[in-house]
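Below is one structure, written out as structure tokens; comments come after it.
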Amino acid sequence: MTCMNHRPIVLITRRIPTSLLNRIESDCQVRYWDSDETMPRAELLRQATGVTGIYCLITDLIDGGVLDAAGPTLRVVSTMSVGIDHIDVAACKGRGVAVGHTPDVLTETTADLALALILATARRLPEAMAAVKEGSWGTWHPFWMTGSDLYGSTVGIVGLGRIGVAVARRLLGFGCNILYTGRQPNERNAATAQASFRTLEDLLAESDIVTVHCPLTAETRHLIDAPALRKMKRAALLINTSRGPVVDQEALYAALVDGTIAGAGLDVTTPEPLPPGHPLLTLPNCVVLPHIGSATVATRHRMATIAADNLVAGVLGRPLPFAVATRL
Ligand code: NDP
Ligand code: DGY
């Protein structure tokens with residue numbers, strides 16, 4: 001039982017379920033940003049001072065500035081996400097600060113969304129629904145609102161990790177031929193996914209649909225740029241449910257306008273939220289979702305719980321249930 005006066009101080013940067021807040025409070029003194037909005041940077045820096053743990057979200061930049069503000073008491077940064085591109089993990093490691101995240105529990109939910117986005121883009125669902133509502137649905141027409149088939153298509157997965165494999169398992173049910181690329185072949189995942197390794201160039205050239213599932217790193221920023229888009233088939237679709245900056249969005253806009261590729265489905269953009277007047281939103285061949293890959297009630301609760309578990313373990317000096325691997 002922790003002595004009440006010596007409980008470590010933690011900062012929670014967003015409103016979380018009360019049951020989790022209570023759990024954290026039984027071990028920690030909590031500084032709580034009791035809001036559904038992002039904590040302003042100045043407030044984050046102010047409230048990070050002297051904390052032992054930080055519970056954060058993808059919208060909080062945890063860089064050297066925040067680590068400096070927290071100072072030598074900081075033991076753990078726990079994010080309610082699997083993605084960690086908003087955290088300077090190397091700087092954390094350098095200071096002996098553990099980093100926790102929420103893998104696995106969101107894998108299937110995010111893969112479901114990726115499939116929904118692939119189908120919505122290939123079969124033009126947003127356009128078709130808009131046509132019904134605005135009254136442009138006329139008589140049945142042989143070639144009106146025609147899209148492309150998912151079944152039997154060749155799908156290229158960029159990043160055959162947890163979510164990439166879960167997407168592949170679903171695609172096998174659609175009779176797809178599955179290719180993948182990564183920093184190196186991953187035979188175990190490839191066997192589960194029944195996928196064949198290709199270089200990025202070959203994957204882009206051979207795929208009818210390219211779906212991106214790698215993390216955002218220095219290496220993957222703008223991995224899909226203008227030359228990459230030019231390697232794709234003109235009838236191909238690009239789907240991105242990883243992070244917006246993996247795709248060069250200006251190059252994508254140009255490619256969608258000039259017919260370099262046929263369409264795109266994006267759950268992630270640069271910036272987020274994408275402003276309502278953004279040029280991408282004027283294109284009928286671009287489906288944009290508001291970063292909802294993991295957004296089911298059950299999954300978000302599991303993510304919040306794991307983030308709390310990582311936080312408490314870290315401040316108590318125990319191994320994190322889900323620590324970020326240090327090989328990045
Ligand atoms: P994993 O770490 O399990 O998978 C990532 C895969 O990407 C690994 O196979 C890795 O392979 C590969 N990879 C790494 N670098 C490259 C590269 N340069 N080129 C190609 N592939 C590469 O992560 P998850 O599957 O759990 O999550 C993936 C990402 O999805 C997260 O980082 C996050 O950004 C995003 N995400 C988005 C969500 C949403 O709401 N839209 C929800 C959840 C996640 P290796 O390391 O062997 O090279
Ligand atoms: C993640 O976990 O990285 C997602 O982007 C949000 O679920």
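For the chain, a Gaussian network of Cα nodes joined below 10 Å ranks T220, T102, T139 by mean-square fluctuation, and the top entry is T139. The residues of the chain expose, per residue, 48 Å² of accessible area to a 1.4 Å probe. Take the alpha carbon gyration tensor of region 197-271, find the square roots of its eigenvalues, order them as a ≥ b ≥ c, and report rounded if a/c is under 1.5; if not, report prolate when a/b exceeds b/c, else oblate. Oblate. Where only DSSP H runs of four or more residues are counted, the chain gives -10000 deg cm²/dmol as its mean residue ellipticity at 222 nm, each run worth -39500 (n - 2.57).
Counting 0.36 nm for each residue step from L119 to S136 and taking away their Cα separation leaves a gain of 3.9 nm. Given labels modelled 7 Å from the Cα in the Cβ direction, how far is it in nm from E219 to A298? Result for the modelled spin labels: 3.5 nm. Charging the Cβ of each Asp and Glu at -1 and of each Lys and Arg at +1, and nothing else, the dipole of the chain about its Cα centre rounds to 640 debye. When the Cα positions of P185, I118, T211 are compared along the charge dipole of region 93-245, P185 comes out farthest toward the positive end, with charges on each C-beta of Lys, Arg, Asp and Glu. Under a model in which nothing but the beta-carbon of Lys, Arg (+1) and Asp, Glu (-1) is charged, region 109-229 shows a dipole of about 360 debye around its Cα centre. Farthest toward the positive end of the dipole of region 190-328, out of L256, T299, T199, is the Cα of T299, where the dipole comes from beta carbon charges about the Cα centre. Remark: relative contact order (the chain) = 18 percent; criterion is Cα-Cα distance under 8 angstrom and separation of 6 or more residues. Of all the options C286, C92, C214, the one that moves most in a Gaussian network model of the chain with Cα springs shorter than 10 angstrom is C92. Spacing of the modelled spin labels on Q184 and L316, each 7 Å from Cα toward Cβ, amounts to 3.7 nm. Dimensions of region 41-106 from C-alpha coordinates, computed as largest minus smallest value along each principal axis and given longest first, are 31, 23, 16 Å.
Roughly to the nearest percent, how much of the accessible area of the chain is carbon and sulfur, given a 1.4 Å probe? Answer for the chain: carbon and sulfur cover 57 percent of the accessible area. Rounded to the nearest 20, the Cβ-based charge dipole of region 100-173 about its Cα centre (Lys and Arg +1, Asp and Glu -1) stands at 80 debye.
Within a straight-line Cα-Cα reach of under 15 Å, K231 can be paired with the following aspartates and glutamates, leaving aside sequence neighbours fewer than 8 residues apart in one chain: E201, D202, E206, D208, D248, D258.
Computed from label points 7 Å out along Cα-Cβ, the spacing between T18 and A226 is 5.6 nm.
The values are calculated or read from the model by the stated rules, or taken from the named source; none is laboratory data. If you're wondering where the values come from, they're calculated on a predicted model, not measured in any experiment. Neighbour counts run over all protein chains shown; Cβ positions are idealised from the backbone, glycine included. Just the protein is used for accessible areas: all its heavy atoms, side chains included, with ligands, DNA and RNA removed. Shrake-Rupley method; radii C 1.70, N 1.55, O 1.52, S 1.80 Å.
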